[in-house]
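Beneath this line is the structure, given in structure tokens, with notes to follow.
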Amino acid sequence: MKPHCLLTALLLAVTSTAAHAQWRLQERQAVAAAQDTNSTLAALTIGCGDPFQIELHATDGGPVLPRAGGTADYFYRPGKIIASVDDHDWPLVAAASDVAVVLFSEGTVAENHLAPLDRRLIEALRDGHRLVLYFDITAANAADGSPFETFAAFSLDGAQDTLAVALDGCP
């Protein structure tokens, strides 16, 4: 499926069940809509990658931004994104692709700060109850001393079975 067609299908599927934040399988990936957000984040997908991949899909197909707008100041920069599963935090780094923001664990400078996702994060997503992604997206919003001005929260209820299928066969 072409990237723009996949994004359109993904957004249509997510928006139809956004109120329920239901996890479902689509194109061999686990997909969920945010339960609560102040961002343009429409959907999260989890699937196989290197060895796992988490993608964030914005409503306009661009980078995740605050609903109020702004410019993205977080790509390839450590300390800008945190994934919190049941109050346990994993620092992440974002890279851009043609159709999504792709998340990685924080890596070394030699890795351009992009390391494979921590397997413990994936296990926490399987076993947890709630995921909140926190973003330090715009430098201007960090001026008040609370840099993580943008968030998206996801229920992990029902994710275990969907993730088991989506991640079956990952290295």
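None of the figures in this text is laboratory data; all of them are computed from the coordinates on show. No experiment lies behind these values; they were computed from the predicted model shown. Here Cβ is always computed from backbone atoms with ideal geometry, including for glycine, and neighbour counts include all displayed protein chains.
Place a +1 charge on the Cβ of each Lys and Arg in region 45-153 and a -1 charge on the Cβ of each Asp and Glu, then give the dipole magnitude about the Cα centre in debye, rounded to the nearest 20.
On the way: 7 positive and 16 negative charges, 16 e Å.
Result for region 45-153 is approximately 80 debye, rounded to the nearest 20.
So if the hydrodynamic radius of region 44-149 is defined as the Kirkwood radius over C-alpha pairs, what does Stokes-Einstein give as its diffusion coefficient at 37 °C and 0.692 mPa s, in µm² per second?
Working: Rh = 14.2 Å.
The diffusion coefficient I find is 232 µm²/s.
Would you kindly state how much longer the chain becomes between Cys48 and Ala95 on full extension, computed as 0.36 nm times their sequence separation minus their alpha carbon distance, in nm to one decimal?
Details: separation 47, 0.36 × 47 = 16.92 nm, distance 1.65 nm.
Stretched out fully, the Cys48 to Ala95 stretch lengthens by 15.3 nm.
Whole Å is fine, so just give me how far the alpha carbon centre of region 19-60 lies from that of region 72-135.
Using only Cα atoms to place each centre, the spacing works out to 13 Å.
Which residue, Pro78, Gly107, Ile54, has the largest displacement toward the positive end of the dipole of region 18-145 when charges sit on each Cβ (Lys, Arg +1; Asp, Glu -1)?
The one lying farthest along the dipole's positive direction is Ile54.
Within a 10 angstrom radius of the beta carbon, how do Arg119, Arg24 rank from fewest other beta carbons to most? Working shown, then result.
Details: Arg119 12, Arg24 16.
Result, fewest neighbours first: Arg119, Arg24.
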